[in-house]
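Working notes, structure below.
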């Protein structure tokens, strides 16, 4: 069997249904075999989007996302997508073509050292030199991508190797001596956690993206109810608990709510679940100075990296929460939650200036109109923080944002991937005019594959978050002006995508209804005041 | 800042060394020396890394190295429970100091590998201190060129990594 055919058999053995890609000479043999298979190929318009699509797909389905790119620029273009997935621990397998084995190192046409150049932001990578290893490598790659702390794994395959004949059978077992992720939490340590929680007067849970990644949302919610402990969350942990739940406090961090930060800093015990608490989340250790930290994480390297925990436990959130749920007793936290509620200041929804839509109010309004299993995505910048703060996640809604790397242009391709992974669900993307134009070309993918998502374009004709940073620090916003933006409605029309522009708040309700009832993709442009702040 | 010595067993495959060394530069850890070679098992290479840092850094280095799929095992060697050796090759100008140089070489149990009318190439094996000491004494004669391998190490006694 040809190696190229074996590659496709590896993918089918791993139940891959969709592959996002951009073809080229160095992957032509594999493309030929994909065309003869049942795998659906989605042609993106830029390789970076292939990885973002695979990321959205992975997060919507819980499966490993797969993408394929050609050698050289195809491979280098996908790097940002790989780094993005790595920072957010998204399971992904990337196949890249490579120049012929004999040409490697000769600066051949479209040659790039992709294994070398991805090392620092990838979970693992392979350059295939021995065609007989193809089965083992794919088996390992899918195993590594999805287990432990998930992440991207790249397989680089030279073109001549793709054409070789081999005896092929897909291995059933995987055994990597240097990779033995630990899923089961240490029993004794978990008992200590239970004791520690029992003694606490002001406990708080801080949940991150790890809970969704481990598919432990149900177990998490059970833990919250059984323990009766209030919950704050990081940017990535927003959808772990219904935002109207009694225990739900809110988003922490530099862009979070001050009352949520205050709740965290006034707690006596914090239970961190599936979060590394990045620098934007706690701003050093100051928020955690007075509290004792329990840290639950699947990655041993996160224990003690950003802060010290009194009780660390390594393992899969799902398993540890299950164990905790067996032993935890409800605490009387009424006085504590009441105290936190006094931190909350009633926010008055500010009125937008004439000719503008108040983004925060619009996001909140739309959140009440969507189905309770909708998938919400954001790009990066003000659109992201507005959505993270004001969108009310209810019930089984998912909130997919790009946390660690903060990659503008993530939203549109990720939304495409999410919708293809969960076609029965409503998919809504909030994106700014900056990030939208970074992935604008994916409107072509959207149209070609007929993907009915709602794009809410919050257009303030500038790079809003950068403008704000510059204005506050230098009083001189510079290099952020996008006033020559195209007419986005006409642009959508050129792609054959329905759209509408709204600049009057009185039209908002009706515009939302139009977008929601539309059976194809819909671009809803909301004209936003460039002066509208992220937090205020 | 303390010095620590890590023995790291890795898969003997191409690209592994760059994954290990890349990790150090990316995370800002300091390598004092790094040596790599094959072991009794052809599939496995052994890297000996000398690093400077505090306890917290060394713990992170350990954990981050462990995350590399190609890293099989890491052992932190303690100074008194392991044997450490380094090799240095030193090309020295002879001039009128032939006898003096030979004398120093003998005292240190080093050896002269090659000698011409003008230069001698000296090989010395030992602990880092011994080699540094030797270099200090021999350098007034005029070192033309020198190379040190960096430390390699093995645990004492019956134990093995």
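No lab work stands behind these numbers, since they all come straight from the coordinates. Since the structure is predicted, the reported quantities are computational estimates derived from the model, not experimental observations. Here the Cβ positions follow ideal geometry from the backbone for every residue, glycine too, while neighbour counts run over all protein chains shown.
Points worth noting:
- Calculated on C-alpha atoms, the gyration radius of region A:338-459 divided by its Kirkwood radius gives an Rg/Rh of 1.00.
- DSSP beta bridges confined to chain A are antiparallel in about 5 percent of cases.
- Looking at chain B, the pairs of alpha carbons with a distance over 22 Å make up 51% of the total.
- All-pairs alpha carbon distance profile, region A:90-243, 5 Å steps from 0, percent: 2, 7, 13, 14, 14, 11, 9, 8, 7, 6, 4, 3, 1, 0
- By the count of neighbouring beta-carbon atoms within 10 Å, fewest first, A:311, A:366 end up ordered A:311, A:366.
- Computed over chain A, the per-residue total of -39500 (n - 2.57) for DSSP H runs of n ≥ 4 gives a 222 nm mean residue ellipticity of -10500 deg cm²/dmol, rounded to 500.
- Helix axis angle, B:128-138 relative to chain B longest principal axis, alpha carbon, degrees: 20
- Convex hull volume of the C-alpha atoms in region A:28-180, normalised per residue: 122 Å³.
- For B:4-11, mean number of other protein chain Cβ atoms within 10 Å: 1
- Average projection, convex hull of the Cα set of region A:187-343: 7.6 square nanometres.
- Average other protein chain Cβ within 10 Å of Cβ, residues A:121-133: 2
- Angle between chain B longest axis and helix B:16-26 axis [Cα atoms, degrees, rounded to 10]: 90
- Computed [θ] at 222 nm, deg cm²/dmol, chain B (DSSP H ≥ 4; -39,500 (n - 2.57); rounded to nearest 500): -8500 deg cm²/dmol
- Going from the residue with the fewest nearby Cβ atoms within 10 Å to the one with the most, A:17, A:199 rank A:199, A:17.
- For the peptides B:33-43, A:433-443, A:26-36, the ranking by packing is A:433-443, A:26-36, B:33-43, with the highest mean count of neighbouring Cβ atoms within 10 Å listed first.
- Here the residues A:20, A:142, A:109, ranked from fewest to most Cβ neighbours within 10 Å of their Cβ, fall in the order A:109, A:142, A:20.
- Legend: P(r) of region A:138-225 from all alpha carbon pair distances, 10 Å bins from 0, whole percents, reading 11, 29, 27, 17, 10, 5, 1.
- Translational diffusion coefficient of the protein assembly as shown (Stokes-Einstein, Kirkwood radius from Cα pairs, 4 °C, 1.567 mPa s): 46 µm²/s.
- Helix B:98-107 and the long axis of chain B differ in direction by around 40°, with both axes built from C-alpha atoms.
- A convex hull fitted to the Cα coordinates of region A:1-112 yields 96 cubic angstrom per residue.
- Taken along its three principal axes, the alpha carbon spread of region A:378-441 comes to 30, 26, 20 Å, from the longest extent down to the shortest.
- With 10 Å bins from 0: P(r) over region A:461-526, alpha-carbon pairs, percent: 19, 34, 28, 17, 2
- Kirkwood's formula applied to the C-alpha pairs of region A:47-110 gives a hydrodynamic radius of 12.2 angstrom.
- Peptide A:136-147, shielding by other chains (average Cβ, 10 Å cutoff): 0
- In units of the compact-protein estimate 2.2 N^0.38 Å, region A:359-527 shows a Cα radius of gyration of 0.98.
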